[in-house]
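Here the structure comes first, spelled out in structure tokens, and everything after it is commentary.
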Amino acid sequence: MTSRLMTASRAPVRQSSVRAHNLALVLQIVANSPDPISRAATAAASGLTRATVSALVDDLIAGTLLTEVEPAPRNRAGRPAAGLRLAPDGPAGLGLEINVDYRAACVVDLTGRVRHRLLEPGDQRPVDAATALAGLSRLAREALRRAEADGLTVAGAALAVPGLVAADGTVRIAPNLGWHDVAVGDLLDGLPVTVDNEANLAALSELGAGDLPPSFVYVSGEIGIGAGIVLDGTLFRGVRGWSGEIGHLAIDPAGPPCRCGAQGCLEQYAGQEAMLRAAGVATVAELAGADLSVAGQALGTAISAVVNLLDIGTVVLGGIYAPLLPRLREAIGAEVDRRVLTADWSAIELRAARLGPDAAMRGAAGAVIRSVLDDPAGWLARDRP
């Protein structure tokens, strides 16, 4: 008797699947090349024949995923080959974010350039989820209008939220927004919108923006505190996709109550509002001259627990922590040196995030771009207007 496993392993590979794989391979080679790359060099890197690569490239150019650029002059015989690069007028990603004190949107093109950025400050806690999402929808529509005026086609949207997001996009809980089991729904009349945790998206954005090692923890400091855990270049989500809730690690089990229902969470010592209260100032800008030792000690305690558990060597501080790192570093470092078992012979690197407060929404837009780069065949097969 033939087993199901054997039957499946001998199933023929469809020609369309081979083409989809090869399209993605060629597109990724061009995307990962620091300079425009020729068709011949792409063929050599892919292992495909020049004729196959040329046909695939023609399809990718017709689908506005690649463009050819004139080669730079050179001082040797022979006509230099034209180079390939991602098309700046190709599909774009719409990144959305809703946080406690603002909502935001940005449009990022295929090359990673931010084409439009919109930000509306305002406390989202007094309104219900439906009202907050309606405001975000209006902002998103304005971003789409501007993208269309640029001649861009938005391939999809992703939304960053400060909470636990289920696989179907339901926001199970966002304590600082007061959301419980919120289904985002159809924000943009049929344009697909995925939903993810803001720290996860920010971590992926930072991974693509700089010279970070393949494993690190990104700690996002806003009114709430979240973390994105990247291991070997891949986001670690946990069993249900809810990893990274560093803001609710207990600093003192008998400490002040937290919005999550527990006591003494990190957010009550190092969250934005806690820092403002402790410093006796009204704005984040004023924190640059304040004593932040309490917040630094709490952050150092939480970071030490994460490092001891995961054996991570680099911690990236984002959100309001990025500009405040010079004020926080000493207190964080003292706790890390005291609490991390390996600190004596393996130093922990603390870095400020490069993308600052835009990291989450840029990461959301980047998630859309990555989906196109991973499946160009899907983009080429879409219904054209």
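The values are calculated or read from the model by the stated rules, or taken from the named source; none is laboratory data. What you are looking at is a predicted structure, and each value in this text was computed from that prediction instead of being measured. In this analysis, Cβ positions are derived from the backbone assuming ideal geometry, glycine residues included, and neighbour counts consider all displayed protein chains.
Suppose the filter is within 24 Å of residue 381 (Cα to Cα), in a strand (DSSP E or B) and either out of contact with any helix residue (DSSP H, G or I) (no Cβ under 6 Å at 6 or more places or on another chain) or touching a residue at least 40 places away in the same chain (Cβ under 8 Å) (or both); does residue 147 pass it? Don't jump to the end; show me each part of the working.
Details: within 24 Å of residue 381 (Cα to Cα): yes; in a strand (DSSP E or B): no; either out of contact with any helix residue (DSSP H, G or I) (no Cβ under 6 Å at 6 or more places or on another chain) or touching a residue at least 40 places away in the same chain (Cβ under 8 Å) (or both): yes.
Criteria not met by residue 147.
Would you mind finding the one in 99, 75 that is within 30 Å of residue 160 (Cβ to Cβ) and either out of contact with any helix residue (DSSP H, G or I) (no Cβ under 8 Å at 6 or more places or on another chain) or at pLDDT below 95 (or both)?
Going through 99, 75 in turn, the sole match is 99.
For the range 161-217, how many residues meet the condition of being in the same structural domain as residue 272 (by TED's automatic domain parsing) and among the aromatic types (Phe, Trp, Tyr)?
1
Might you check whether a residue that is hydrophobic (A, V, I, L, M, F, W, C), within 30 Å of residue 222 (Cα to Cα), at pLDDT 95 or above and in contact with a helix residue (DSSP H, G or I) (Cβ under 6 Å, 6 or more places away or on another chain) occurs anywhere in the range 54-65? Quick ask: steps written out before the conclusion?
Of the range 54-65, the ones hydrophobic (A, V, I, L, M, F, W, C) are 55-57, 60-62, 65.
If we keep only those that are within 30 Å of residue 222 (Cα to Cα) as well, we get none.
No: zero hits.
Return a yes/no flag: does the range 297-315 have any residue that is charged (D, E, K, R) and over 20 Å from residue 334 (Cα atoms). It would help to see each step written out before you state the result.
Step one: list which residues in the range 297-315 are charged (D, E, K, R), which gives 311.
From the residues that got through so far, the ones that are over 20 Å from residue 334 (Cα atoms) too are none.
No, the range 297-315 contains no residue that is charged (D, E, K, R) and over 20 Å from residue 334 (Cα atoms).
Any residue that is over 17 Å from residue 220 (Cα atoms), touching a residue at least 40 places away in the same chain (Cβ under 8 Å) and either surrounded by 19 or more Cβ atoms within 10 Å (Cβ to Cβ) or assigned by TED's automatic domain parsing to the domain that holds residue 30 (or both) - is there at least one of those in the range 279-302?
Looking through the range 279-302, none of the residues is over 17 Å from residue 220 (Cα atoms), touching a residue at least 40 places away in the same chain (Cβ under 8 Å) and either surrounded by 19 or more Cβ atoms within 10 Å (Cβ to Cβ) or assigned by TED's automatic domain parsing to the domain that holds residue 30 (or both).
Looking at (1) within 28 Å of residue 348 (Cβ to Cβ); (2) without any contact (Cβ under 8 Å) to a residue 12 or more places away in the chain; (3) not in a loop (DSSP other than H, G, I, E, B), find the lone condition where residue 180 falls short.
Exception for residue 180: condition (1).
Going residue by residue through the range 233-243, is there one that turns out to be hydrophobic (A, V, I, L, M, F, W, C), assigned by TED's automatic domain parsing to the domain that holds residue 306 and crowded, with 24+ Cβ neighbours inside 10 Å?
No - not one qualifying residue is present in the range 233-243.
Would the range 107-130 turn up any residue that is β-branched (Val, Ile, Thr), assigned to a loop (DSSP other than H, G, I, E, B) and more than 30 Å from residue 257 (Cα to Cα)? Outline the logic, then answer.
Residues of the range 107-130 β-branched (Val, Ile, Thr): 107-108, 111, 114, 127.
Now narrow it down to the ones that are assigned to a loop (DSSP other than H, G, I, E, B): 111, 127.
Filter again for more than 30 Å from residue 257 (Cα to Cα), leaving 111.
Among the residues of the range 107-130, at least one is β-branched (Val, Ile, Thr), assigned to a loop (DSSP other than H, G, I, E, B) and more than 30 Å from residue 257 (Cα to Cα), which makes the answer yes.
Report, by residue number, each residue of the range 22-44 that is closer than 16 Å to residue 86 by Cβ and among the hydrophobic types (A, V, I, L, M, F, W, C).
Across the range 22-44, the qualifying residues are 23, 24, 25, 26, 27, 29, 30, 31, 37, 41.
From the list 164, 133, 152, 139, pick out the single residue that is under 17 Å from the mean Cα position of the chain (by Cα) and either over 16 Å from residue 363 (Cβ atoms) or surrounded by fewer than 20 Cβ atoms within 10 Å (Cβ to Cβ) (or both).
164
Just to confirm my filter: which strands (runs of 3 or more DSSP E) fall fully inside the range 190-236 and include at least 3 residues that are closer than 18 Å to residue 367 by Cα? Steps first, answer last, please.
Working: elements: 193-197, 216-221, 225-231, 234-236.
Because the criterion is at least 3 residues that are closer than 18 Å to residue 367 by Cα, the strands (runs of 3 or more DSSP E) in the range 190-236 that meet it are 193-197, 225-231, 234-236.
So residue 237 ticks every box in (1) of a type in the set (Lys, Arg); (2) within 26 Å of residue 93 (Cβ to Cβ); (3) modelled with pLDDT of 95 or more but one. Which box is left unticked?
(3)
Can you confirm whether residue 223 is under 24 Å from residue 320 (Cα atoms) and at pLDDT 95 or above?
Here the answer is no, as residue 223 does not meet what is asked.
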